[in-house]
1. In a shell of Cβ-Cβ distance under 13 Å around E245, excluding E245 itself, what net charge do Lys and Arg (+1) and Asp and Glu (-1) give?
2. Picking from G97, G226, G291, which is most flexible by a Gaussian network model of the chain using Cα springs under 10 Å?
3. Relative contact order, percent, of the chain when contacts are C-alpha pairs under 8 Å separated by at least 6 residues?
4. Counting each DSSP H run of 4 or more residues in the chain as -39500 (n - 2.57), what helix-only mean residue ellipticity at 222 nm follows after dividing by all residues, to the nearest 500 deg cm²/dmol?
5. In square nanometres, what is one fourth of the surface area of the convex hull spanned by the alpha carbons of the chain?
6. In whole angstrom, how far apart do the alpha carbon centroids of segment 121-182 and segment 225-276 sit?
7. By the scheme Lys and Arg +1, Asp and Glu -1, what is the net charge of all other residues having a beta-carbon under 15 Å from that of M9?
8. How would you classify segment 45-105 from its alpha-carbon gyration tensor, with a ≥ b ≥ c the square roots of the eigenvalues: rounded for a/c under 1.5, else prolate if a/b is greater than b/c, otherwise oblate?
Amino acid sequence: MESRPCIAMIGSNMMDLVTYYDERFPRLGETIVGKDFEIGFGGKGANQAVAVARLGGEVILLTAVGDDLFGPLVQENFARQGIDTRYVKVIPGKTSGVAPIFVNPRGENSIFIIPGANLFLEPEDVERAKEDLARASFFLLQLEIKLSTVYHAVALARELNRRVILNPAPAQKLDFKLLEGVFLFVPNETELQNLLDLPSTGNDEVKEGIEILLQKGIENVLVTLGERGSVLGNRHGFSWFPPYEVTPVDTTGAGDAFLGSLAFFLAREYPLEEAIDRASAYAALSTTRRGTQKSFPSREEFTEWLKIARKKGG
């Protein structure tokens, strides 16, 4: 029996409040009738953890919920996914994180996040889990929690000789001196533009942004470009990855499906470029279903689909 890859996810969880609408978003002061509404489990960290679990990986999960009605539901969902909840911190008097999401007829989304209890996950919580975190081959991080907690996790990974995958979302000012040696830095094109004040997200500007980040001590930079695929930059140069061909229904959570599956494939010791290609396929398949975590395919579903999957332009 093959061993399960182990990923540490230190990050956020949210309750997704998803509105689907026809034609257009309401103007200021206007009320219009929406098409449909769903409540689901989300948050960048939680989504990425669930993607790992759906593919068969073990997740060491560090996150925080409020003592409101959503908190127990979030913990029950993790347990159903086979994720250990011993390090899910409950914050008295605080609400759990929520994410109102608005999805247009083309499956594209706009999202607000209200972090709530997520902002109370502390560096000390990471330190308390050190013994278990040492079992993970990768630390998977995002920016929906305190930056001090993110920086502490990066420092601990360095101490434990573990590799870090950092998704700098939502984009904010970062101290790159505290991120030196990060194995893989994965912004989308908008986050890259906001992080570095780039004038646009054309291919030349994306390459320029990658080069800036490599000079700051990042080992590999992978920029996701939506329908244009993704581009990887490191000391060996640049590699471009075309997207897979699907008819999207809902793109919510596709970036998280990509990152969670990427961590899983890397922990399975796939070469970086092969892991990126497989993660692109996994994320593409997730967009063919509505919702976030519930759209993430199992390992068996993904393996079967991969046999017939085609890349755009391929």
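Read the figures in this text as sums done on the coordinates, not as results from a lab. What you see is a predicted model, and the numbers here were worked out from it, not measured in a lab. Please note: Cβ atoms are built from the backbone with ideal geometry, for glycine as well, and neighbour counts cover all protein chains shown.
1. Result for the local shell: +2.
2. G226
3. So the answer I get is 18 percent.
4. Taken over the chain, the calculation gives -10000 deg cm²/dmol.
5. Spelled out: convex hull of the Cα atoms, projected over all directions, averaged, 16.8 nm².
6. If you average the Cα positions of each part, the centres end up 21 Å apart.
7. Overall, the nearby charge balance is +2.
8. oblate
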